[in-house]
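The values are calculated or read from the model by the stated rules, or taken from the named source; none is laboratory data. Small disclaimer: the values here were computed from a predicted structure and weren't measured. All Cβ positions, even for glycine, are placed from backbone atoms using ideal geometry, and neighbour counts span all protein chains on display. Just the protein is used for accessible areas: all its heavy atoms, side chains included, with ligands, DNA and RNA removed. Shrake-Rupley method; radii C 1.70, N 1.55, O 1.52, S 1.80 Å.
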Amino acid sequence: MSENKLIRIALTKGRLEKDTVGLFEKIGYDVTELKEKGRRLILSIPGRNIEVVLAKAADVITYVELGACDIGVVGKDTIMEHGGKYFEIADLGFGRCRFALATKKGSAFYGGYGVKTVATKYPAVTREFFESKKMDVDIVKIEGSVELAPLLEIADGIVDIVETGTTLKENGLEVIEDVAPISARLIVNTVSMKLKKERIEELTALMTEALSKGQE
Ligand code: PRP
């Protein structure tokens, strides 16, 4: 029966992990293994026939796309950059931040005629953003601390994640335009959605219910 089938959830390690474990706890799941995981990467939620796989964000999408995991918890940032074939079924509301275009304070990014250079960890998101503006830009892929690029003068601006804005502020940069809001999303493998429909719907309802209770 569908109700007893194992559900494997891929969970993005780090920032989203803590909120998701907190949510499972609220639902009433035993999260002892998740809290005392050590270096283990596959944990179980006892008595629920649920396994939790801890992975990097882009890999969460890969595991869900390939059907190795039924469900994934991943940021909209990774979804926007990665694309792919799966269902995005819920906005979990936590992990809230945004994609923004930032420059050195006071610089006129939209001024002048030359093609601007934009540094980012998210080239697909950046390409789409400027394509929607019909603006030609050169994109430089940077792996982390993207804020360095304008400071080292290899880029006129950056498209990056802004949460509190502290990193930008402390490095003399400022947001000149918001690109897109970001939060954690629940994604589901397309086949699992059919074969394990009841269990997935039940789990989604429990999660969204617990989330809405937290907001009251
Ligand atoms: C992210 C992002 C910014 C910073 C924004 O970086 O790329 O650098 O957080 O947060 P703030 O607005 O609260 O300052 P992360 O810590 O993931 O590291 P990375 O830059 O090396 O990717």
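What are the pairs with Cβ atoms under 9 angstrom where one residue, in the stretch 164-180, is without any contact (Cβ under 8 Å) to a residue 60 or more places away in the chain and the other, located anywhere, is assigned to a loop (DSSP other than H, G, I, E, B) and among the small types (Gly, Ala, Ser)? Sequence gap at least six, or different chains. These pairs meet every condition: Thr167/Ser145.
Checked against (1) surrounded by 20 or more Cβ atoms within 10 Å (Cβ to Cβ); (2) under 19 Å from Gly112 (Cα atoms), Val179 passes all but condition (2).
Where helices (runs of 4 or more DSSP H) sit wholly within the stretch 1-82, those with at least 1 residues that are free of Cβ contacts under 8 Å to residues at least 24 places away in the same chain, open to solvent by 10 Å² or more (accessible area, probe 1.4 Å) and among the acidic types (Asp, Glu) occupy 15-27, 32-35.
Based on this model, can you work out whether Glu198 counts as farther than 22 Å from Gly111 by Cα, touching a Ser or Thr at 6+ places or on another chain (Cβ under 6 Å) and either among the charged types (D, E, K, R) or in a strand (DSSP E or B) (or both)?
On the way: farther than 22 Å from Gly111 by Cα: yes; touching a Ser or Thr at 6+ places or on another chain (Cβ under 6 Å): yes; either among the charged types (D, E, K, R) or in a strand (DSSP E or B) (or both): yes.
Yes, satisfied.
For Ala108, state whether it is aliphatic (A, V, I, L, M) and away from the ligand (no atom under 16 Å from the Cβ).
Values: aliphatic (A, V, I, L, M): yes; away from the ligand (no atom under 16 Å from the Cβ): yes.
For Ala108, the condition - aliphatic (A, V, I, L, M) and away from the ligand (no atom under 16 Å from the Cβ) - is met.
Looking at the stretch 197-205, can you tell me whether even one residue there is away from the ligand (no atom under 16 Å from the Cβ) and small (Gly, Ala, Ser)? Among the residues of the stretch 197-205, at least one is away from the ligand (no atom under 16 Å from the Cβ) and small (Gly, Ala, Ser), which makes the answer yes. Please verify whether Ala68 is hydrophobic (A, V, I, L, M, F, W, C) and under 24 Å from Val179 (Cβ atoms), treating the condition exactly as stated. Here the answer is no, as Ala68 does not meet what is asked.
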